[in-house]
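Just so it is clear, none of the values below were taken in a lab; they were calculated from the coordinates. Keep in mind that this is a model prediction, so the values were computed, not measured. All Cβ positions, even for glycine, are placed from backbone atoms using ideal geometry, and neighbour counts span all protein chains on display.
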Amino acid sequence: MPGHSPSTEEPTTPRRATVSHSSAPDDGPGTTAEDWWVFRGPADLPAPPPWRSLPESPQASTPQPYLLGREHVAVVNAALHLRRPLLVTGRPGTGKSSLAHAIAEDLGLGDVLRWPVNSRSTLADALYRYDAVGRLREASLDRETRAIRTTSRKVRHRPRGRRSDIGDFLRLGPLGTALAAEEKPRVLLIDELDKADVDLPNDLLVVLEEGRFEIPELSRLPEDQQSVDVLVTGSRRRVAVDRGTVACAHFPIVVMTSNGERDFPPAFLRRCVRLDLPDPDEDKLRDIVRLHLGAEALTDAEDLIQNFLQRASVETLATDQLLAAVHLRVTGADLSQDQLTNTVMHRLDEAFPA
C-alpha cells in the first residue's frame, strides 16, 4: 500500500530454489530444484565418497580396501622374494595402481612414491633434479652480500646466515628417493609405463638391476665436499649422498602398471614378475561395493551391477564408475539408471560427443 515501507523481515519458510531458463532442462523454462542438488539447490555439500577422502596430513595416506585373489597374492609374494619389479597389466579400473598402495599399507612401508609416466618422461627426471639456475642466482647473491660486508661496518657486524649448499638445489625424484631409502624399502609405483618412450623401460631396468646411480654434479666436487645432504621427494627430509653416488641399502618394491597400449621387449619382461588383473566378475563386484560402501548399499546396487556386467563385456568401463553410480544412488541422487549411465558410467573407449 502507498505510504508503507517494504518489509525487511526474512520469510519464515525457505523457498525451494528454481533453475533459471539458461540452465533449465530441455523440457521446460524452469524447474523446482531436486532435494539432493547442491549447485542451484537446497542441499549442503555432503561428505565425499570414501575413496575421495583426503588424509589428515599431506604425509599420510587414506587406506582403501583392496580385493585380490589367492593366486594373485602368490604372484605378488614371488616378486617380493625375488626382489623383482612387478609388472601389473589389465584394463583401466581393475585396480593396478591401487595394488601398490595395498602392498605399502600391508607391510607398513609408508607412503607410496609415484612416478606417472608419459611420452616425455625421462629416466633422469625420476632419479633427480638439479636447479642450476637457482644455484647460480644464489651464488651471485652471496657474492653481492660479501661485497657489501667489506664496505659497510654496519653490515659487517650483522650475524651471518647459512651459506647455501649444492644440496639445497638437488632433489631426488621418486626413483632416486626409493633407491636412497636407508631403514626399510619404499614402494615405488611407476604408473602407465606403456606410455613411455621405447627406450625408457630398458634404461629403467639397468638402474634397478645395479641398485645405484651417479649424480655428476656431486661426483665432480672437491674431496672435502664428497658427502652432501640432498632433498628427497615428498618431504623436506634429506639423505646423505657420498662421492656423488646413490646406492640402495634395500631394493625398492617396484610396481609398474600397463594398460596394454604397447608391447615390452623380451629383455625387459625377463626381469619382471608379471601379474595380469582380470575384469571383476559378479561376485567380486558385489564384494567391492560392500567393502567401499557397506552391505546395505548392495540392495540399491543390483540393477547397476547387472548393467555394468552386461556393458563391460563389449565396452571399456572402470570399477570406480560403478562405485560412483552406487554412491550417488545411496546418498539420495534421484537419477534413473539411464541418467546414472550417461553421467558417470559412460564408456571409456569412445570419444566424448561434440
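So the values come out like this:
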| quantity | calculated |
| --- | --- |
| ³J(HN,Hα), Karplus 6.51/-1.76/1.60, whole Hz, each residue of the stretch 119-127, x for Gly, Pro | 5, 9, 5, 10, 4, 4, 4, 6, 7 |
| Three-way shape call for the stretch 280-344 based on the alpha-carbon gyration tensor, with the a/c threshold at 1.5 | oblate |
| J(HN,Hα) series, the stretch 89-94, from Karplus relation 6.51 cos²θ - 1.76 cosθ + 1.60, nearest Hz, glycine and proline x | 10, x, 6, x, x, 8 |
| Candidates per trypsin sites (Lys or Arg not before Pro) in the stretch 221-255, loop by DSSP, up to 14 other Cβ within 10 Å | Arg236, Arg237, Arg243 |
